[in-house]
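What follows is a set of notes on a single structure, which appears directly below.
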Amino acid sequence: MAVNRVMVVFSVASMLMWVLPIGVLQAFNWNLIPGLEDMSPKSRTLWSGGIAVVCVNVIIAAYIFLALQEPAPAAEPQPDPVFLRRAKESVAAVTAKPSTSEPGKSGQAEAEKGVKAE
C-alpha cells in the first residue's frame with residue numbers, strides 16, 4: 001500500500017513538472033494573463049521563464065515534503081530466515097573441519113591420508 005502511494009505521488013509530481021511550466025509559457029505567449037499586452041516581448045520572455053522555473057522548484061519542494069512524510073520503515077531490518085540458517089550451517093561446517101594450515105600439521109594430515117588410503 002505504501003508503494004502505491006509513493007508511485008502515485010511520484011507520477012503526479014512528474015506530470016506537474018512538465019505541465020505547469022509549459023502552461024505558464026503558453027499563458028504568456030498567448031496573452032492569457034490580463035495585463036501582459038503592455039509588456040515588451042523581452043520582459044514577457046524573462047517573466048515567463050522565471051515563473052516556469054519557480055513552478056518546477058515548488059513542485060520539487062512539495063515532492064520532497066511528501067517524501068519526508070512517508071512512514072519510517074521497520075525499526076530494524078530482519079534477515080531472511082533461510083539465508084540465516086544456511087549461513088549458520090556453512091560456518092558450522094567450516095569450523096568442524098580439521099585445519100591443515102597450521103605449521104607442521106599439514107605433513108601429518110597428508111601422512112594420515114596416505115595411511116588410510118593403503
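Some notes on this structure:
- Among the residues listed as ARG5, ARG44, the single one being among the charged types (D, E, K, R) and either over 35 Å from the mean Cα position of the chain (by Cα) or more than 29 Å from GLN69 (Cα to Cα) (or both): ARG44
- Restricting attention to region 1-43, the residues being more than 21 Å from ILE59 (Cα to Cα) and part of a helix (DSSP H, G or I) number 7.
- Those residues of region 34-91 which are open to solvent by 100 Å² or more (accessible area, probe 1.4 Å) and in contact with a Leu (Cβ under 9 Å, 6 or more places away or on another chain), in sequence order: TRP47
- When ASN4, ASN31 are screened for being exposed (fewer than 13 other Cβ atoms within 10 Å of the Cβ), free of Cβ contacts under 8 Å to residues at least 24 places away in the same chain and in contact with an Asp or Glu (Cβ under 8 Å, 6 or more places away or on another chain), only ASN31 passes.
- Matching entry among ASP80, ASP38 (being modelled with pLDDT under 90 and over 30 Å from VAL8 (Cβ atoms)): ASP38
- Yes/no for VAL91 being modelled with pLDDT of 85 or more, under 30 Å from VAL3 (Cβ atoms) and β-branched (Val, Ile, Thr): no
The values are calculated or read from the model by the stated rules, or taken from the named source; none is laboratory data. Quantities reported herein were computed from a predicted structural model and do not represent experimental measurements. Ideal geometry is used to build each Cβ from the backbone, glycine not excepted, and the neighbour counts take in all protein chains shown. Surface accessibility is based on the protein's heavy atoms, side chains included, excluding ligands, DNA and RNA. Shrake-Rupley method; radii C 1.70, N 1.55, O 1.52, S 1.80 Å.
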